[in-house]
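The values are calculated or read from the model by the stated rules, or taken from the named source; none is laboratory data. Small disclaimer: the values here were computed from a predicted structure and weren't measured. FYI the Cβ positions are ideal-geometry reconstructions off the backbone, even for glycines, and counts take in every protein chain you see. Note: areas computed on protein heavy atoms with side chains; ligands, DNA, RNA excluded. Shrake-Rupley method; radii C 1.70, N 1.55, O 1.52, S 1.80 Å.
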Amino acid sequence: DRMNQVGFDPPSGLEVEIVEVDGETLLVFSWTRRSGSAVVALTPTEREVLEAVCAGRSNAAIAAARGTAVRTVANQVASLLRKFRVRSRHELAAKLAVT
């Protein structure tokens, strides 16, 4: 189990997802609802954008790499900020950073 590799045994109800960004390992934490579904559910696109944001890329750089409009990426980043209940991309990256 990858969680044992990083030396972390999450308490009951805490979901942990391991995300690799530029060779760094990030742990994404979310509490489960009573129904068992994760509070922070990400689409594959949101995961890609999240990784790029955490790597410090701008909306324009992310859009160019993905072949989408800058406004589309801005909307995706806004969705991530809402889902993680933060106000800025810096807060988002800090919330997900593993020290």
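Of all residue pairs spaced 6 or more apart or on separate chains, those with beta-carbon atoms under 8 Å, a first member in the stretch 11-28 that is under 12 Å from E51 (Cβ atoms) and a second member that is exposed (fewer than 11 other Cβ atoms within 10 Å of the Cβ) and at pLDDT 70 or above are L26/E20. Pairs are defined by a Cβ separation below 9 Å, a sequence spacing of at least 6 or placement on different chains, a first member in the stretch 80-99 that is free of Cβ contacts under 8 Å to residues at least 24 places away in the same chain, and a second member that is open to solvent by 100 Å² or more (accessible area, probe 1.4 Å) and outside any loop (DSSP other than H, G, I, E, B); the pairs so defined are R85/K95; V86/K95. Does L80 satisfy being at pLDDT 85 or above and within 13 Å of the chain's Cα centre (by Cα)? So L80 passes the test. If you go through the stretch 20-54 and keep only what is at pLDDT 75 or above and surrounded by 15 or more Cβ atoms within 10 Å (Cβ to Cβ), you end up with L42, E46, E48, V49, L50, E51, A52, V53, C54.
If the condition is being farther than 13 Å from D22 by Cβ and out of contact with any helix residue (DSSP H, G or I) (no Cβ under 7 Å at 6 or more places or on another chain), then the stretch 49-60 contributes only S58.
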